[in-house]
Amino acid sequence: MRSLFLKVFLWFWLSTVLVIGALLITSHLTGNEPTFRPPQFIEAVLSGYGRNAAAAYEHGGASALKDYLLTIDHETGIHAHLCDARGMDLSGAEASAQQSKVAQQVAQTGQPIFRDAGGRMLEVRPVPARDGRSYAFVAEMPVGHPPPGGPHGPFWLFSESGSVLLIRLLVVILTAGALCYLLARYIVTPVVKLREVTRQVTRGDLSARVGPRLGKRRDELAAMGHDFDAMATRVETLLSAQTRLLRDISHELRSPLARLSVALDLARKRAGVAATADLDRIEREAKRLNEMIGQLLTLSRRESDGNGVRTGPVRLDALLREVASDADFEAQGRNCSVVVTECDECEVTGTAPLLRSAIENVVRNAVRYTEEGTTVKLSLRCGRGDDAGHAVICVRDEGAGVPEETLADIFRPFYRMDDSRARETGGTGLGLAITERAMQLHGGTVKASNVLGGGFVVELRLPLHSTGRDSV
């Protein structure tokens, strides 16, 4: 079981059931039998039966008493006897040894007795006689149900039969289950809400907070939620500061870079042939710096206001062929080529310039790192097999790949490696970071992997076009 709620609920419920079972077992082992005492109005009824039985005997003798007792039995299901101080049945019927013994005790002591009598409840009450002595009125009441074929008497409703005990036990267990459910839900709910907010933060929504969802809770779980909110606020502040810093630095660098370009043009006019190589190197570095600044501004813009970009339907197949055509022209300088091996017709919801930038960054990266004289292969599959509802773009080069442990890091801004994909190749470390952000804004994903036998592949996955979606 992976559900914390289910674990807490079942453990609480099982503990409650075990406690109830232990109480029942210990009660049985210690010999504490359940006791019964009829309600007060039942005792008044039995006392009235006893007095009437005594009057019937004293006025009409044994036959009158017998008729009266039979009437009680027929109307209520109570088997009754009237005994003297020696325990003898005055109606002439034969009382059991237990009844005679208890009747003798009650007639002599004047104290009523209540006890179980083999599935029936036995009550023996003293009844005053006319000569000052006492009779004993013995009443056996049915347990659990009224006697078959007889009228329903009032006494069986207050009995302790096995079926009634079973029903009560079930009610107790179900009640305990309901209480355990509420308790488990109360304990686990903050954890569930914290998990939901954590997922939002993981998806990039740094404004998500768990505190408002916890209400007025003031326990340890609520404190953990507020600590999480403090951490999220700190992370959001740091990332916002980082984004602002990149944006500000990029803007500030544009001005001196523009002046550097002007100065470079003036230097070319004044310098001789000997300075041409040095000036060309300065121009290349200036262009590289300008490209890096442009990518920094793009990344900063996507981080700050990407969620507000207006979108619409985009023909992804046409966009991919356009990018491949431009990249193929650039690849010819390295004796390479870019080809589209398969291209399904499909449409996605997004903004065309942003999607073009995302795809172009991956393709140009592949052209930059593929082996000289090889081919970069592009493919587009839409809604096939396990990719139902998605468009999948694959860009494969024939380069050396990257170490497996760094596959997830290559999408971080400014991440660089010291092996085949080094700074001398001309990369800035921002292209794949821009691609990942663009995929996130479009509800898609990007994944990189090495190809067995050599090569490197990047997979971009986007949801297909759906009506009603107007912003990324």
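The values are calculated or read from the model by the stated rules, or taken from the named source; none is laboratory data. None of the values given here were measured: they were computed from a predicted structure. Counting neighbours? That spans all protein chains shown, and the Cβs are built from the backbone with ideal geometry, glycine included. Side chains included, ligands, DNA and RNA excluded: accessible areas come from the protein's heavy atoms. Shrake-Rupley method; radii C 1.70, N 1.55, O 1.52, S 1.80 Å.
Observations on the structure shown:
- Strands (runs of 3 or more DSSP E) wholly inside segment 314-413 that include at least 3 residues being open to solvent by less than 10 Å² (accessible area, probe 1.4 Å) and over 17 Å from G455 (Cβ atoms): 347-350
- When segment 443-472 is filtered for residues that are of a type outside the set (G, A, S), at pLDDT 85 or above and outside any strand (DSSP E or B), the ones remaining, listed by number, are V451, L452.
- Among residues of segment 180-193, those that are open to solvent by 80 Å² or more (accessible area, probe 1.4 Å) and touching a residue at least 12 places away in the same chain (Cβ under 8 Å), counted: 2
- Residues being closer than 18 Å to P128 by Cα and open to solvent by less than 50 Å² (accessible area, probe 1.4 Å) - total across segment 65-109: 17
- Hits in segment 1-47 (condition: modelled with pLDDT of 80 or more, open to solvent by less than 50 Å² (accessible area, probe 1.4 Å) and among the small types (G, A, S)): S47
- Looking only at segment 213-233, and only at residues there that are of a type in the set (D, E) and within 27 Å of F9 (Cα to Cα), the one that is surrounded by the fewest Cβ atoms within 10 Å (Cβ to Cβ): E220
- Residues in segment 271-292 that are in contact (Cβ under 8 Å) with a residue 24 or more places away in the chain, open to solvent by 60 Å² or more (accessible area, probe 1.4 Å) and of a type outside the set (S, T, N, Q): 3 in all.
- Condition met for T311 (of a type in the set (S, T, N, Q), at pLDDT below 85 and surrounded by 16 or more Cβ atoms within 10 Å (Cβ to Cβ)): yes
- Residue in segment 422-442 that is modelled with the highest pLDDT, counting only those that are open to solvent by 40 Å² or more (accessible area, probe 1.4 Å) and of a type outside the set (K, R): E436
- Any hit, segment 134-156, residues being open to solvent by 70 Å² or more (accessible area, probe 1.4 Å) and at pLDDT 80 or above: no
- For segment 199-212, a residue qualifies if it is surrounded by 14 or more Cβ atoms within 10 Å (Cβ to Cβ) and assigned to a helix (DSSP H, G or I), and the qualifying residues are Q200, V201, G211.
- With respect to (1) open to solvent by less than 30 Å² (accessible area, probe 1.4 Å); (2) without any contact (Cβ under 8 Å) to a residue 40 or more places away in the chain; (3) within 60 Å of the chain's Cα centre (by Cα), the lone exception for R115 is condition (1).
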